Amino acid sequence: MVFKSQMNQALAEARAAAGRGEVPVGAVIVAPDGRVVASAGNRTRELNDPTAHAEILAIRAACASAGSERLPGHDIYVTLEPCPMCAAAIAFARIARLYYGASDPKSGGVAHGPQVFDHAQVHHVPEVYDGLAEAESAGLLREFFRDRRGGE
C-alpha cells in the first residue's frame, strides 16, 4: 500500500476545534486497509472533560467501531505532539504508527517531558514520525493563542 498522509484531515479537525473555542488539535485514525475509522478535534471545554483531547476521542471512537480496546496495525495522525496522557493511550491501544505535526516542548509526552515511549513500563511502542505539516500545525496554535491574548 502506498503511504497517504491524513494530516490534512487532522488539520481540518484542528481548525474546527478552534472554531468551537477549543485549543486547535485534531486527530485521525486510519485502519490497516487505509480507511479513516475515526477523527476528532479537542472538546475539553465543550464536554467539561479534561480528558477530551482529540487523540482520546478518536481512539474511543475507533475502538467502539472495531469492538476492541486495541487497534493493532492502525495509524494515528495528530497535529500536535501528544501529551503524556494521550501518548499512554496510544500505547495502550497498541496503535502501530504515530504521525504528528508540531512539537510541544511545554506539554508534550513523546519527544519532550516524560517521553512516555522511552519507559520500560510501556507495553507497546509505536513507530513515531514527527514534523508532518509542522508549520501549518504550529501556525494554527500560534494564531489561536495570539487571538486569546488580544492580538499581542
Every residue from the range 98-111 that is within 28 Å of Pro32 (Cα to Cα) and either out of contact with any Cys (no Cβ under 6 Å at 6 or more places or on another chain) or open to solvent by 30 Å² or more (accessible area, probe 1.4 Å) (or both): Leu98, Tyr99, Tyr100, Gly101, Ala102, Ser103, Asp104, Gly108, Val110, Ala111
Count - residues of the range 115-152 that are open to solvent by 60 Å² or more (accessible area, probe 1.4 Å) and over 17 Å from the mean Cα position of the chain (by Cα): 14
Helices (runs of 4 or more DSSP H) fully within the range 1-86 counting 2 or more residues that are hydrophobic (A, V, I, L, M, F, W, C), out of contact with any Ser or Thr (no Cβ under 6 Å at 6 or more places or on another chain) and open to solvent by 50 Å² or more (accessible area, probe 1.4 Å): 54-66
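Restricting to the range 124-150, what's the tally of residues that are part of a helix (DSSP H, G or I) and β-branched (Val, Ile, Thr)?
Count: 0.
This table checks each residue for (1) within 22 Å of Gln9 (Cα to Cα); (2) of a type in the set (S, T, N, Q).
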{"site": "Arg45", "(1), (2)": "yes, no"}
{"site": "Asn48", "(1), (2)": "no, yes"}
{"site": "Thr51", "(1), (2)": "yes, yes"}
{"site": "Ile56", "(1), (2)": "yes, no"}
{"site": "Ile59", "(1), (2)": "yes, no"}
{"site": "Pro72", "(1), (2)": "yes, no"}
{"site": "Met85", "(1), (2)": "no, no"}
{"site": "His124", "(1), (2)": "no, no"}
{"site": "Leu132", "(1), (2)": "yes, no"}
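For Thr51, state whether it is at pLDDT 95 or above and under 23 Å from Glu143 (Cα atoms).
Numbers: at pLDDT 95 or above: yes; under 23 Å from Glu143 (Cα atoms): no.
Considered against the rule, which asks whether it is at pLDDT 95 or above and under 23 Å from Glu143 (Cα atoms), Thr51 comes out as no.
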Subset of the range 100-121 [within 17 Å of His53 (Cβ to Cβ) and not hydrophobic (A, V, I, L, M, F, W, C)]: Tyr100, Gly101, Ser103, Asp104, Lys106, Ser107, Gly108, Gly109, His112, Gly113, Pro114
Taking Ile95 and the conditions (1) over 16 Å from Val30 (Cβ atoms); (2) part of a loop (DSSP other than H, G, I, E, B); (3) open to solvent by less than 30 Å² (accessible area, probe 1.4 Å); (4) among the β-branched types (Val, Ile, Thr), which numbered condition does it fall short on, given that it satisfies the others? (1)
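The values are calculated or read from the model by the stated rules, or taken from the named source; none is laboratory data. This is a predicted model, so every value here is computed, not measured. A quick note on method: Cβ atoms are made from the backbone with ideal geometry, for glycine too, and the neighbour counts reach across all protein chains shown. The accessibility values were calculated without ligands, DNA or RNA, using every heavy atom of the protein model including side chains. Shrake-Rupley method; radii C 1.70, N 1.55, O 1.52, S 1.80 Å.
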